[in-house]
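The values are calculated or read from the model by the stated rules, or taken from the named source; none is laboratory data. Not measured: the values here are computed from a predicted model. Glycine also receives a Cβ, built like all others from the backbone with ideal geometry; neighbour counts cover every protein chain displayed. Ligands, DNA and RNA are stripped out before the accessible areas are found, and what is left, the full protein with its side chains, is counted by its heavy atoms. Shrake-Rupley method; radii C 1.70, N 1.55, O 1.52, S 1.80 Å.
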Amino acid sequence: TILSQIGAFAAGAAICTMGEVLEQGRTGETEGLYILLLGGAILVWHWGYCRRGPSLATWCLSYFFIALATLAKGAQAPVYFAATVGLFLILTKRWRDLFTWRHLAGIGVFAAVWGAWQIPYFMEVGLDATKRMYANDVALRFTDVGWATIAAHVAIYPVRVFACLLPWSILLLAYCDADFRRQIAFARQHVLYLVIAISVAMLTMLVAPTASTRYLMALYPCFAVLIGLV
């Protein structure tokens with residue numbers, strides 16, 4: 001809704017034809033579903049917030065998607081969402097919107113949806129198995145934490161992501177131009193939100209020395225909107 005028709009079409013085309021999306025789209029991995037749920041929650045919240053403010057429907061629908069994303073992929077979904085929304089509201093000096101009954105209702109929706117599966121699972125298999133379900137895959141990303149490995153990963157990972165977004169990532173270089181940034185002043189709040197969302201996820205990828213680029217794919221819709229703006 002912040003883009004022209006051409007920009008909106010470009011954003012939709014971009015998310016469908018990024019190199020890594022085309023590659024992973026052929027597989028039976030969870031990334032396709034995760035893009036819909038986590039990427040959808042992040043965009044739906046901002047869309048609803050800009051249209052109606054911190055409404056009950058905005059919080060509840062976003063947390064509904066986040067609960068499903070958590071069941072699909074793990075605990076990073078609520079972390080990404082909470083950090084993105086929290087930082088955005090703090091930086092825009094609207095942090096009071098975090099402490100409302102509407103936000104609490106959204107958290108209640110998350111607890112109900114997530115708990116509907118998690119509680120019976122816990123009762124069936126116990127605490128240890130539940131911990132392993134959330135922690136084992138994460139632990140595998142920290143098997144090599146040497147300084148050389150971490151430094152190489154921090155240097156190379158952003159380049160790998162840029163390559164995975166080709167051919168569309170070339171357009172993102174426009175944000176390095178001051179004249180372009182002045183032209184999109186009307187979208188400053190939207191760009192800030194999208195950049196926060198990407199940065200939060202990227203930071204978690206950088207601290208995990210063996211993180212794959214596909215773990216960032218749920219944020220590719222945010223890149224797509226930035227591309228559409230260009």
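On inspection, G48 passes the criterion of being over 19 Å from L216 (Cα atoms), of a type outside the set (D, E, K, R), open to solvent by less than 60 Å² (accessible area, probe 1.4 Å) and in contact with a Ser or Thr (Cβ under 6 Å, 6 or more places away or on another chain). If you go through the stretch 151-209 and pick out every residue that is under 17 Å from the mean Cα position of the chain (by Cα), part of a helix (DSSP H, G or I) and hydrophobic (A, V, I, L, M, F, W, C), you end up with 16.
Would you be able to say whether some residue in the stretch 19-26 is within 19 Å of V195 (Cα to Cα) and either of a type in the set (F, W, Y) or surrounded by 14 or more Cβ atoms within 10 Å (Cβ to Cβ) (or both)? No, because not a single residue in the stretch 19-26 is within 19 Å of V195 (Cα to Cα) and either of a type in the set (F, W, Y) or surrounded by 14 or more Cβ atoms within 10 Å (Cβ to Cβ) (or both).
Taken over the stretch 188-210, the criterion of being buried (at least 17 other Cβ atoms within 10 Å of the Cβ) and either more than 22 Å from G74 (Cα to Cα) or in contact with a helix residue (DSSP H, G or I) (Cβ under 6 Å, 6 or more places away or on another chain) (or both) is satisfied by H190, V191, Y193, L194, I196, A197, I198, V200, A201, M205, P209. With the requirement that a residue be touching a residue at least 60 places away in the same chain (Cβ under 8 Å) and more than 16 Å from V225 (Cβ to Cβ), what does the stretch 38-72 give you? Listed by number, the list holds a single entry, A69.
If you go through the stretch 97-116 and keep only what is in a helix (DSSP H, G or I) and more than 23 Å from the chain's Cα centre (by Cα), you end up with W101, A116. The set of residues in the stretch 51-96 being charged (D, E, K, R), in a helix (DSSP H, G or I) and surrounded by fewer than 18 Cβ atoms within 10 Å (Cβ to Cβ) consists of R51, R52, R96.
Yes or no, residue by residue, for (1) at positive phi; (2) modelled with pLDDT under 90; (3) among the polar types (S, T, N, Q); (4) surrounded by 11 or more Cβ atoms within 10 Å (Cβ to Cβ):
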| site | (1), (2), (3), (4) |
| --- | --- |
| W117 | no, no, no, yes |
| M133 | no, yes, no, yes |
| D137 | no, yes, no, yes |
| R141 | no, yes, no, yes |
| G146 | no, yes, no, no |
| A151 | no, yes, no, yes |
| F162 | no, no, no, yes |
| I170 | no, no, no, yes |
| Y175 | no, no, no, yes |
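In the condition set (1) within 27 Å of Q118 (Cα to Cα); (2) touching a residue at least 24 places away in the same chain (Cβ under 8 Å); (3) not in a helix (DSSP H, G or I), G28 is compliant with all but (2). Listed by first and then second residue, the pairs with beta-carbon distance under 7 Å, at least 6 apart or on different chains, first residue in the stretch 115-129 and free of Cβ contacts under 8 Å to residues at least 60 places away in the same chain, second in a helix (DSSP H, G or I), are W117/L71; Y121/T130; F122/T130.
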